Amino acid sequence: MKKLCYIIILFAGIVLSACNEKLDPESIFPNTQEELDPTSYSFQLDSFCKKNFLEEYNVEFRYRMQDISSDMDFNLVPCTYDNAITMAVLAKYLWWDVYKEVTGSYEFLRQYGPRIICLIGSAGHNSTGSVTLGVAQGGLKVTLHAINYIDPSNVSTLNEFYFKTMHHEFSHILHQTKTYPAEFRTISAGFYKPNGWEERSEQEARSLGFTGNYGSSQEREDFVEIIANYIVKTDDEWASMMSDAAKGWKQDDDGTLHQLEKDEDGIDGPAVIEQKLAICRNWLRDDWNIDLDSLRNEVQRRQANMNIDSLRNQVLTIGTAQ
């Protein structure tokens, strides 16, 4: 059986220089755009992306795979046109429009959001057995892999594959602009595992006060994973994670996981996670004027009321008689 081991989320480059230069909120793309051909096969999706991403958020939404835009170390395939439609409408509904709703305008993401979103049909398979599902480059471009596996009926998978990645990477952009509090750095000092974090089970990592094993790799990943997981996980999923964190775990060399009768690591996992979450919540409120709980509530509301057919019709009805 093919095993999906881990999600690798890479954050390459520094978003802003040491002199705190800000991204230009004006478009980085040419002011003169080519007219779209109404007779082309992709006219509907191209029209949707131009209006809802380029014009509203200054984002170029690339669903046609370009060699220059992909990692040549991987064997990759393009996403299908149909899956690109699904991701485009979901990305707007569950990510961009959420921040617009919470901040009250388009301007926040126009200034701080990524400028390019690239879709790749397949995942990137690493030699370690892990899988790369998302890559951010310099805070300007985010690439989402495995689009051909998208299943809009499975919200948990949507979050794990795509939307947690988006919130994760955007949180990186924000903390590179205004760094997170120094007190966060001391909470789990000595427990990070930059090399070999994959060897930790999710449960073991949670018992140590992380939301998952990738968050235990290093401090900055811990910070953004706290935010991303809190936003996308349902109440039941968050409670399950905290239940894992309250227990003791041991993993054998062959990967077999055992729950221990007693948590022997000496760490109150749930308390540590809550302590980190409080720091994240205060940082977003004080430095960004964003209410983390309002952001989470809006995501949860949209997830619970999502109608994929209605969302896709935003694209499929373009140019048709109303």
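³J(HN,Hα) across region 197-203 via Karplus (A = 6.51, B = -1.76, C = 1.60, θ = phi - 60°), whole Hz, x for Gly/Pro?
Each residue of region 197-203 in turn: 4, 5, 6, 7, 6, 4, 5 Hz.
Please arrange 290, 173 by counting, for each residue, the other beta carbons lying within 10 Å of its beta carbon, fewest first.
290, 173
Assign one of three labels to region 260-312, namely rounded, prolate or oblate, based on the Cα gyration tensor with a ≥ b ≥ c the square roots of its eigenvalues; rounded applies when a/c is under 1.5, prolate when it is not and a/b is larger than b/c, and oblate otherwise. Intermediate results must be reported in sequence, preceding the final value.
Working: a/c = 5.28, a/b = 1.57, b/c = 3.37.
It comes out oblate by the Cα gyration axes.
Once a ≥ b ≥ c are taken as the square roots of the eigenvalues of the Cα gyration tensor of region 178-307, is the result rounded (a/c under 1.5), prolate (a/b larger than b/c) or oblate (a/b not larger than b/c)?
Numbers: a/c = 2.08, a/b = 1.40, b/c = 1.49.
Oblate, because a/c is 1.5 or more while a/b does not exceed b/c.
Rounded to the nearest 20 debye, what is the charge dipole size of region 238-322 about its Cα centre when +1 sits on each Lys and Arg Cβ and -1 on each Asp and Glu Cβ? Present the calculation step by step, with values, prior to reporting the outcome.
Details: 10 positive and 16 negative charges, 134 e Å.
Using only the charged Cβ atoms, the result is roughly 640 debye.
Of the GluC sites (Glu not before Pro) in region 253-322, which ones lie in a loop per DSSP and count no more than 13 other C-beta atoms within 10 Å?
Numbers: sites: 261, 264, 274, 298; in loops: 261, 264.
In loop regions of region 253-322 (DSSP not H, G, I, E or B), the sparsely surrounded GluC sites (Glu not before Pro) are 261, 264.
Which ordering of 100, 262, 92 is given by a fewest-first count of other beta-carbon atoms within 10 Å?
Numbers: 100 19, 262 6, 92 22.
Placing the least packed residue first, the sequence is 262, 100, 92.
Say the dipole of region 178-307 comes from +1 at the beta carbon of Lys and Arg and -1 at that of Asp and Glu; which of 266, 284, 229 then lies farthest toward its positive end?
284
Once phi is turned into θ = phi - 60°, what whole-Hz ³J(HN,Hα) does the Karplus curve with 6.51, -1.76 and 1.60 give for every residue of region 108-120, x standing for Gly and Pro?
4, 6, 4, 8, 10, x, x, 9, 9, 10, 10, 9, 10
What percent of all Cα-Cα pairs in region 75-234 falls into each 5 Å bin, going from 0 up to the bin containing the maximum distance?
2, 8, 16, 21, 21, 17, 11, 5, 1, 0
At a 10 Å Cβ-Cβ cut-off, how would you order 249, 238, fewest neighbours first? Intermediate values should be presented prior to the final figure.
Values: 249 23, 238 17.
Ordered by Cβ neighbours within 10 Å, fewest first: 238, 249.
How far is the Cα center of region 145-163 from the Cα center of region 256-322, in Å?
With region 145-163 and region 256-322 each reduced to a Cα centre, they are spaced 15 Å.
Provide the per-residue ³J(HN,Hα) series for region 89-94, in order, calculated from phi with Karplus coefficients 6.51, -1.76, 1.60 and θ = phi - 60°, each as a whole number of Hz, with x at glycine and proline positions.
Karplus values, whole Hz, x for Gly and Pro: 6, 5, 4, 5, 6, 9.
Read-outs: derived from the displayed coordinates by stated rules, not from any lab. Bear in mind that the values here come from a model prediction, so they are computed numbers and not experimental data. Neighbour counts run over all protein chains shown; Cβ positions are idealised from the backbone, glycine included.
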